[in-house]
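One structure is given below, encoded as structure tokens.
FYI, it's all coordinate maths here, none of it is from the lab. As the structure is a computational prediction, the values presented were derived from the model and not from experiment. All Cβ positions, even for glycine, are placed from backbone atoms using ideal geometry, and neighbour counts span all protein chains on display.
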Amino acid sequence: MLRVYILLALKVLQRRKFYTFISLFCISVTLMAVLLVTSLIENIIHPPGAERNSQRYLAIDKMSMTASNGSSNQRSLPGYQFLNAVVKPMETAQLTSIFSLHNEVLGFRNGKRIKSQLKRTDSQYWEILQFDFIEGRPFSKNEATQGQNLAIIGESTARQYFDDNSALGQTITVSNENYQVIGVVKDVPVFQINAYADIWVPLFANPSTAFTKQALGGYMGLIMAETSAQVPAMRSEFNKRLSAYKHPDPKKWPTIKATANSKFEQLARLLDRNLEAKPKTKELTIGIIAAIILFMLLPTINLVNLNISRILERASEIGVRKSFGARSSHLISQFLLENIILTFIGGIIGFALALLMMYFISLSGYFPFHSFEINFRVLMSAVSVILFFGLLSGVYPAWKMSRMNPINALKGAI
């Protein structure tokens with residue numbers, strides 16, 4: 001019986017090719033857009049590559065200081081002094097790291113100016129983040145502490161400076177400073193804010209050490225637990241150490257606030273800069289789901305209308321079948337199967353279009369170094385969309401079909 005239904009469904013879809021084309025177009029384009037957005041969100045929240053351990057670490061990337069008279073409130077990235085006092089002594093963290101936000105620097109090769117993003121890091125940074133080394137190695141603890149002029153560069157930067165030649169042992173000059181290249185890593189997508197840069201140098205490879213005395217500005221921290229289950233304990237310790245922290249000028253700046261955030265919380269905090277409030281992860285989740293559902297609602301309504309039109313054309317057929325004793329459940333099952341087959345075909349087309357669009361977007365460089373990937377969660381979102389279309393756009397027309405009066409149906413009317 002199922003085989004007969006499937007063959008009949010394929011014949012019906014070929015009967016009115018225009019309706020079938022419109023339906024496939026709505027399904028495939030909507031699925032393509034949903035897959036692109038879902039893949040982008042998935043790669044931000046659960047990134048591959050350098051930040052693939054993100055479920056085990058928290059980022060300290062926001063801080064504020066309030067003056068004693070309440071007249072001034074400074075908000076920025078944390079400073080090295082604060083992170084060194086609060087983050088580095090943590091006991092529940094397996095690894096801790098202090099690093100700078102990436103800053104634009106200029107280099108030159110054969111008179112051509114090269115813009116790059118430079119980040120200063122300690123040695124544990126390379127243990128927390130899992131960079132893929134093409135050649136070379138990260139700098140050691142001694143090299144980072146001593147501030148040796150060493151550099152690790154991305155593969156695109158290596159090509160800009162050295163073409164296809166090995167970059168190891170070569171020297172690059174950026175912002176009037178010379179650095180010896182000891183490693184080359186795969187390029188990091190711009191969305192991976194904790195890892196993203198083109199050039200990484202030791203934290204203390206800096207002409208000035210004034211930054212070590214600053215409580216606010218320019219730096220970020222990472223604290224990583226041994227397992228994801230230990231992250232809550234690590235967060236709790238951070239909050240306790242934050243409460244006990246005293247600014248170098250405590251009379252002027254008695255109130256210090258900061259947050260330790262997961263990847264999703266980092267994204268959610270873009271919605272609210274209030275460090276006292278919890279990150280709006282629930283609101284962000286609801287917003288993303290609501291946006292996707294609303295985006296799919298219009299093509300679903302169009303599909304419902306198209307399906308009803310198809311029913312009107314088949315009124316005589318339905319009337320004959322009902323006159324010969326066809327049950328409503330059989331008619332509903334057949335129509336839903338037809339709709340699911342149509343949706344499945346549209347899903348395959350949409351999936352192929354999504355892969356094609358991901359390829360072209362990656363080539364365009366619109367999102368630097370970002371490579372769209374389809375993993376299990378993204379794939380499940382695609383399956384959910386297909387089921388959403390197949391069932392929601394077919395249930396009402398199928399029910400309407402089953403309720404048709406045989407006599408009216410034989411006359412070609414509902």
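Just a few scattered comments:
- Set of aspartates and glutamates with alpha-carbon distance to Lys257 below 17 Å, sequence-local pairs under 8 removed: Asp61, Glu237, Asp249, Glu265, Asp272, Glu276
- R0 of 25 Å, Cβ-Cβ distance Ala233-Leu270: FRET efficiency to nearest 0.05: 0.40
- Computed over the range 69-253, relative contact order equals 34 percent, with contacts defined as Cα pairs under 8 Å that lie 6+ residues apart.
- The stretch between Ser68 and Lys240, if pulled fully straight at 0.36 nm per residue, gains 59.8 nm over its current Cα-Cα span.
- The range 162-208: C-alpha gyration tensor shape, a/c 1.5 cut-off, then a/b vs b/c: oblate
- Pairs spanning more than 29 Å between alpha-carbon atoms, out of Lys88/Lys119; Lys141/Lys251; Lys240/Lys280; Lys141/Lys280; Lys115/Lys280: Lys141/Lys251; Lys141/Lys280; Lys115/Lys280.
- Computed over the range 69-253, the convex hull of the alpha-carbon atoms projects to a mean area of 12.2 nm².
- Legend: calculated FRET efficiency, Gln130 to Phe21, from the Cβ-Cβ distance at R0 = 60 Å, rounded to 0.05, equals 0.85.
- The range 144-219 and the range 220-268 have Cα centres spaced 26 Å apart.
- Simple spin-label estimate for Ala210 and Ile286 in nanometres, 7 Å along Cα-Cβ: 4.7 nm
- Multiplying the residue separation of Val29 and Gln146 by 0.36 nm and subtracting their alpha-carbon distance yields 36.6 nm.
- Pairwise FRET efficiency - Leu387 versus Arg327, Cβ, R0 = 35 Å, nearest 0.05: 0.90
- The listed peptides 252-260, 192-200, ordered by packing as a protection proxy, come out as 192-200, 252-260 (highest mean of other Cβ atoms within 10 Å first).
- Listed peptides 282-293, 134-145, 149-160, 41-52 by packing density, highest first (mean Cβ within 10 Å): 149-160, 41-52, 134-145, 282-293
- Across all C-alpha atoms in the range 12-170, the radius of gyration and Dmax reach 23.8, 78 Å.
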